[in-house]
Amino acid sequence: MEKLKRNQRIGALMKILADNPNQVLTYNYFTEKFDAAKSSISEDIVIAKKLVDRLELGNIETISGAAGGVKFIPTLSKESIRTFLKELGNKLADKSRIIPGGFIYMTDILYSPKNAKNIGKIFATMYMGQEIDYVVTVETKGIPIAIMTAEVLNVPLVIIRRNAKVTEGSTVNINYVSGSTRKIQTMSLSRRAMQEGSKVLIVDDFMKAGGTAKGMRDMMNEFNAEVVGIGVVIATERPKEKLVDNYVSLLTLKEVYEKEEEITIYPNELLANITEKN
């Protein structure tokens, strides 16, 4: 195989790192793959790191020691977050999305790979460094954004089911009260789904009163898991007091005026500052 030039190595290196976010890849891996000296790979990484920093694509970290190597932590810049959330809010504010009953059709937006990936990057950026073991969601429209968040954090995704399935084996089942309808519903999770005592991030698509989020948090208590945070795409402005308090929403839904065909929704202006701190 013909030896790669430096610019070719750097391009390939960035592609490999981007395809394996938050995963440590050893120097030996790159020296063997590119048939290059370790010193050359070290110089390539320094150049790639400067490029990533300059373009605000995230951060490339080097880990020293026998088990060390390099990993790429993808993040979105403050300005990118603001721009994306503004565009997302504008799409969701389209009056054609109003469904009878005062609901908003948002499935196509959440199921867009590009939107789901950006949402996942924002949630991952918010909770980066929290040593999260699992991303947890419930069997609903939040699955695409949850799996993208899990991919960026490089952790498994755990999906809580609405009903127990025989293929799940032994399960933990809890009843919870929906915060908006006040109806009693059921959640189920296989005992094999996660290790006890883990640290988890809960991700969901929508929150009104917070009943589902509280149900997921209660389920985590059954596994002695620590919930480090709850990330939701949209939270309603009312009721102001939710059943959970440690959540962050990307967008706030003020009102859906079905008769006037108008949706009032706005981005979380504090979010960029929150992610920057983390």
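Observations on the model:
- Yes/no for residue 99 being in the same structural domain as residue 202 (by TED's automatic domain parsing) and surrounded by 14 or more Cβ atoms within 10 Å (Cβ to Cβ): no
- For segment 79-115, a residue qualifies if it is within 19 Å of residue 149 (Cβ to Cβ) and either touching an Asp or Glu at 6+ places or on another chain (Cβ under 8 Å) or among the β-branched types (Val, Ile, Thr) (or both), and the qualifying residues are 80, 81, 106, 107, 109, 110.
- Residues in segment 94-105 that are at pLDDT 90 or above, in a loop (DSSP other than H, G, I, E, B) and not hydroxyl-bearing (Ser, Thr, Tyr): 94, 100.
- Test: residue in segment 48-70 that is assigned to a helix (DSSP H, G or I), in contact with a helix residue (DSSP H, G or I) (Cβ under 7 Å, 6 or more places away or on another chain) and surrounded by 12 or more Cβ atoms within 10 Å (Cβ to Cβ): yes
- Of all the numbered requirements in (1) within 19 Å of residue 152 (Cβ to Cβ); (2) part of a helix (DSSP H, G or I), residue 73 misses one, and that requirement is (2).
- Residues that are surrounded by 17 or more Cβ atoms within 10 Å (Cβ to Cβ), within 17 Å of residue 72 (Cβ to Cβ) and at pLDDT below 95 within segment 128-151 comprise just one, 128.
- Screening the candidates 208, 183, 214 for the property of being in contact with a strand residue (DSSP E or B) (Cβ under 8 Å, 6 or more places away or on another chain), in contact (Cβ under 8 Å) with a residue 24 or more places away in the chain and more than 21 Å from residue 85 (Cβ to Cβ) yields one hit, 214.
- Filter result (in contact with a Gly (Cβ under 7 Å, 6 or more places away or on another chain), closer than 13 Å to residue 158 by Cα, crowded, with 21+ Cβ neighbours inside 10 Å and not β-branched (Val, Ile, Thr)) within segment 188-224: 201, 204
- All positions within segment 229-246 that are more than 13 Å from the chain's Cα centre (by Cα) and surrounded by 15 or more Cβ atoms within 10 Å (Cβ to Cβ): 234, 235, 236, 242, 243, 244
- For the criterion of being outside any loop (DSSP other than H, G, I, E, B), hydrophobic (A, V, I, L, M, F, W, C) and assigned by TED's automatic domain parsing to the domain that holds residue 198, residue 146 passes.
- Qualifying position, being out of contact with any helix residue (DSSP H, G or I) (no Cβ under 8 Å at 6 or more places or on another chain), part of a helix (DSSP H, G or I) and not aliphatic (A, V, I, L, M), among 91, 121, 117, 86: 86
The values are calculated or read from the model by the stated rules, or taken from the named source; none is laboratory data. Please read these numbers as outputs of a predicted model, since none were measured by experiment. A quick note on method: Cβ atoms are made from the backbone with ideal geometry, for glycine too, and the neighbour counts reach across all protein chains shown.
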